[in-house]
Amino acid sequence: EASSELAKYFGVAFAVMVLLIMVHFKSFSQGMMILFMIPLGWLGALWGHGVEGIPVSMLSAWGMVALSGVIINDAVVFLAKYNSLVKEGKTVRQAAFDAGMARFRPIVLTTITTVAGLYPIILENSFQAQFLIPMAVSLAYGVMIGTAFILVLFPVIIVTMSDLRVGLKKLWTGKDIDRES
C-alpha cells in the first residue's frame with residue numbers, strides 16, 4: 001500500500017517537475033537531459049546501500065524521492081550557467097567547460113555539507129535512528145555519486161545533445177547550422 005502511494009505521489013511530483021523544467025528552459029531536450037541525471041543519482045543510492053550493508057527498504061525509496069530534488073537542483077544550476085554562457089557568445093564546448101568550472105565549488109560544497117550532515121545519522125546505533133538510516137544512506141550516497149555524474153558526465157551529455165540536434169536539423173532541412181544557434 002505504501003509503495004503504491006509513493007509511486008502515485010512521486011508520479012505527480014515528477015510530472016510537475018518535468019513541466020516546470022521544460023517551461024523554465026523552453027526546451028524539451030534540456031529538460032530530458034536534467035531528468036536523465038535522476039537515475040544516476042538513484043544508482044548512487046543503491047551503491048550506498050551495498051557499501052553500508054543496509055537492505056533497500058521503503059524508507060530508502062523516500063530518500064530517493066528527496067534525492068531526485070537535489071539532483072535536479074544541481075543539474076538546473078549547471079544548465080542555467082551553461083545557457084547564459086552560450087548567450088554571451090561562447091562555443092558549446094567552451095560554455096560546457098566554463099559552466100563546470102563556475103559551478104564546481106557551489107555544487108561540491110552543497111554535496112559535502114549534505115553528506116556531512118547526514119553521516120551522523122548513518123552512523124547512529126540507537127533504535128529510533130534505525131528508521132532514518134536507509135533514507136539518510138539513499139540521500140547521502142545518491143548526492144555524492146550524482147554530483148560526480150553531474151560534474152563529469154553532464155557536460156558530455158550537453159555537448160552530445162547539441163551535436164545531435166545539429167545533425168538532426170541538417171538531416172531534416174538540409175541546411176548547415178552551427179551548434180550555438
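Summary table
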{"read-out": "Condition check for S29: modelled with pLDDT of 90 or more, assigned to a helix (DSSP H, G or I), open to solvent by less than 30 Å² (accessible area, probe 1.4 Å) and among the polar types (S, T, N, Q)", "value": "no"}
{"read-out": "Inter-residue pairs, beta-carbon under 7 Å, first without any contact (Cβ under 8 Å) to a residue 12 or more places away in the chain and in the range 26-50, second of a type in the set (A, V, I, L, M), 6+ apart", "value": "F28/M22; L46/V56"}
{"read-out": "Selection within the range 124-149 - over 19 Å from L43 (Cβ atoms) and either in a helix (DSSP H, G or I) or within 22 Å of the chain's Cα centre (by Cα) (or both)", "value": "Q128, A129, Q130, F131, I133"}
{"read-out": "Residues located in the range 50-61, provided they are hydrophobic (A, V, I, L, M, F, W, C) and surrounded by fewer than 18 Cβ atoms within 10 Å (Cβ to Cβ)", "value": "V51, V56, M58"}
{"read-out": "Number of positions in the range 123-154 that are of a type in the set (F, W, Y) and either in contact with a Lys or Arg (Cβ under 6 Å, 6 or more places away or on another chain) or closer than 16 Å to F78 by Cα (or both)", "value": "2"}
{"read-out": "Residue list for the range 152-177, filter: crowded, with 18+ Cβ neighbours inside 10 Å and under 11 Å from the mean Cα position of the chain (by Cα)", "value": "F154"}
{"read-out": "M135, sole failed condition from (1) surrounded by fewer than 20 Cβ atoms within 10 Å (Cβ to Cβ); (2) in contact with a Ser or Thr (Cβ under 8 Å, 6 or more places away or on another chain)", "value": "(1)"}
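The values are calculated or read from the model by the stated rules, or taken from the named source; none is laboratory data. Here the structure is a predicted model, which means the values were calculated and not measured. Note: ideal-geometry Cβ built from the backbone for every residue, glycine included; neighbour counts use all protein chains shown. Note: areas computed on protein heavy atoms with side chains; ligands, DNA, RNA excluded. Shrake-Rupley method; radii C 1.70, N 1.55, O 1.52, S 1.80 Å.
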